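Throughout, read-outs are computed from the coordinates displayed, never taken from laboratory work. Just so it is clear, the model here is predicted, and its values are computed rather than measured. Glycine also receives a Cβ, built like all others from the backbone with ideal geometry; neighbour counts cover every protein chain displayed.
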């Protein structure tokens, strides 16, 4: 077994074990502890800052016309500040059609007018899908090249191994990019967003299957490379 194959296998097993441990313990780290005395959750009419107001004047007086403004939507992970909201004695329940369910919010979608939104959200909302699209497009190209070589009957070839290795490294890189973006995004939200009755918390939202699939492809690439070397040795022996 070559050194790269040993390294890739070790990384794969390590990531898999860490994923299982973190999934079992449901690790979510609270990082925002700011509370305010007047905070409250309230069902209310939509405030004026979520609308553009146009004033028109007619013969019978002035009129106001409202239109919705452009808004940004983003998701944050949350945890109740008050233990009462997560206690066994008192909680939020849904009761309908003789069915009762206990409701617990762990993630919420927040909407803010674009004029109030930070440029950080605009940049992140563009950068993450853009990078994901570019990487996915390049991986598709590599897959087509790999399939083409296999259809030609060339399996144990350095070129096929290289295609799979590059695709795997791109997937691992994409996971690391998502992980860093998720951390930076969460820390920004924790420091700039304050919600009534709930803490904003950090949770890794990167897709774990990206790094597992990437490491799997990298392992297969080394196996193919070993098969190529064995095939060449066999051909020389014959």
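Key figures
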{"read-out": "Residue 40 versus residue 118: modelled label distance in nm, points set 7 Å from Cα along the beta carbon direction", "value": "2.9"}
{"read-out": "Protection-proxy order for peptides 38-48, 135-145, each taking the mean of Cβ atoms within 10 Å per residue, highest first", "value": "135-145, 38-48"}
{"read-out": "Sorted peptide list for 168-178, 101-111, 211-221, criterion being average Cβ within 10 angstrom, highest first", "value": "211-221, 168-178, 101-111"}
{"read-out": "Spin-label model distance (nm) - residue 131 vs residue 192, 7 Å beyond Cα toward Cβ", "value": "1.7"}
{"read-out": "Estimated distance in nm for a label pair at residue 103 and residue 9, the labels positioned 7 Å out from Cα along Cα-to-Cβ", "value": "5.2"}
{"read-out": "Linear extension gain, residue 17 paired with residue 154, 0.36 nm per residue minus alpha-carbon span", "value": "45.8 nm"}
{"read-out": "Kirkwood-based Rg to Rh ratio, the range 111-216, C-alpha trace", "value": "1.16"}
{"read-out": "Contact order normalised by residue count of the range 140-204, Cα under 8 Å, 6+ apart, percent", "value": "26"}
